[in-house]
There are 2 protein chains.
Amino acid sequence: MDLALLFSGGKDSTLAGLFLDSFYDVRLVTGRFGVTDDWEHAAAAADRLGYPFEAVDLDRDVAEEAAARMREDGYPRNGIQRVHEHALERAADLDVDAVADGTRRDDRVPTVSRAQAQSLEDRHGVDYLSPLAGLGRHAVDRLVDENLDVETGPSAEIPKGDYEAELRELIAREGGREAVDRVFPDHEQSYVRGFADD
Amino acid sequence: MDLALLFSGGKDSTLAGLFLDSFYDVRLVTGRFGVTDDWEHAAAAADRLGYPFEAVDLDRDVAEEAAARMREDGYPRNGIQRVHEHALERAADLDVDAVADGTRRDDRVPTVSRAQAQSLEDRHGVDYLSPLAGLGRHAVDRLVDENLDVETGPSAEIPKGDYEAELRELIAREGGREAVDRVFPDHEQSYVRGFADD
């Protein structure tokens, strides 16, 4: 069975892949808006992990709207949520049996409610899986420590594979670096270098 | 890392075990009230699957209260929920790093809210994982079909490993077969015979 997993190159989506790959032929899928080439960081991480990779083009209008919303809100939640939902829709359009993401039990954003999940499944004829939805932060961190080699730090210094980098760029173009810092204060990011040494 | 997984011998808890056993030393744990020996069905299933097994004694008072509640309600939800929470507490008292169960996204009962999960984790110093919490019924059924050899049918005809059989027996002692049929109409059960043939 083929599964498309939304992949950022970070620890959560990578761990989700490890949970799924006993059961599915996992393809790592990264959305891109055409703003920057940061998706290439996700492609490189996928290559190091040995998974097939696919970049999926997202709608530039969604990025513009999300960036404007984030500037207006002064925080990223609603914009990130909107983009995540859009990326899931695009992944579900691929020729796969299932789509998945790395959302965790304790995440405030993005979240996919049971009703949203069922709607996505019904409209696209796919299963939607969030294998970390039943894991808290501590369990995820322990499993990441045991299984992955991860670089963590402030967003500005860590390679990012997903659309967050593109949204930051759009916000910077309109509002400068200060706008980015206001929307994403102290935001910590992770980037997976590979598997942990045995 | 050691993990105690609440195990009934049915398809959901078995599939949860398959999701976890790449990451943890999984021990299958079945609660028993001392009413019947049905936990031995779970022990037999665990043996066929090749997992370590442990029976954990539950509080008989909890079973009596749950059976009375179910008779009064006319449906099993609240009683099953109470017993599941009690069993999780007992599993979390074992010398393990984590506890888990087979609750699914679309289950109405038992459910473990985020707040309940965090409380269990904080009080016992364990992680709580529900690896099927992000999977819907269709995804679970497909994965079970691909990976397990399962017998399904009405509860009365399928071997049951967990405390449900004991609760049915307690209800029957007080209210007869009619009371059991009223509380559990058309209840479908599964029992895992082993792995699917490759």
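Computed values, structure above
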| read-out | value |
| --- | --- |
| MRE, 222 nm, helices only [DSSP H, n ≥ 4, -39500 (n - 2.57), over chain B, to nearest 500] | -15000 deg cm²/dmol |
| Rounded to 5, the percent of DSSP beta bridges in chain A classed as antiparallel | 30 percent |
| DSSP H segments from chain B that extend 24 Å or more along their own axis, Cα-based, with Kyte-Doolittle mean of 0.5 or above | none |
| Distance from segment A:66-89 to segment B:56-116 (C-alpha centre basis), Å | 38 Å |
| Formal net charge of residues neighbouring A:Ala68 (Cβ-Cβ distance under 15 Å; K, R +1; D, E -1) | -1 |
| Alpha carbon convex hull of segment B:27-149, volume per residue in cubic angstrom | 127 Å³ |
| Environment charge at A:Arg137 (Cβ cut-off 13 Å; Lys +1, Arg +1, Asp -1, Glu -1) | -3 |
| DSSP-defined antiparallel bridges as percent of all bridges, the protein assembly as shown, nearest 5 | 35 percent |
| Rounded FRET efficiency, nearest 0.05, which uses the C-beta distance separating B:Val109 from B:Arg173 and R0 of 30 Å | 0.85 |
| Spin-label proximity, B:Ser22 to segment A:32-50 - amide N less than 20 Å from point 7 Å beyond Cα toward beta carbon | A:42-50 |
| Top of B:Glu164, B:Glu121, B:Glu72 by mean-square fluctuation, Gaussian network on chain B, Cα under 10 Å | B:Glu72 |
| Counted charge near A:Ala165, where neighbours are those whose Cβ lies closer than 11 Å (Asp, Glu -1; Lys, Arg +1) | -4 |
| Candidates A:Ala98, A:Ala172, A:Ala139, ranked by Gaussian network fluctuation over chain A, Cα under 10 Å, top entry | A:Ala139 |
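Every number here is computed from the coordinates shown, using simple stated rules; none is lab data. From a predicted model like this one, the values you see are computed outputs, not experimental measurements. Neighbour counts are summed over all protein chains in view; Cβ atoms, including those assigned to glycine, are modelled from backbone coordinates with ideal geometry.
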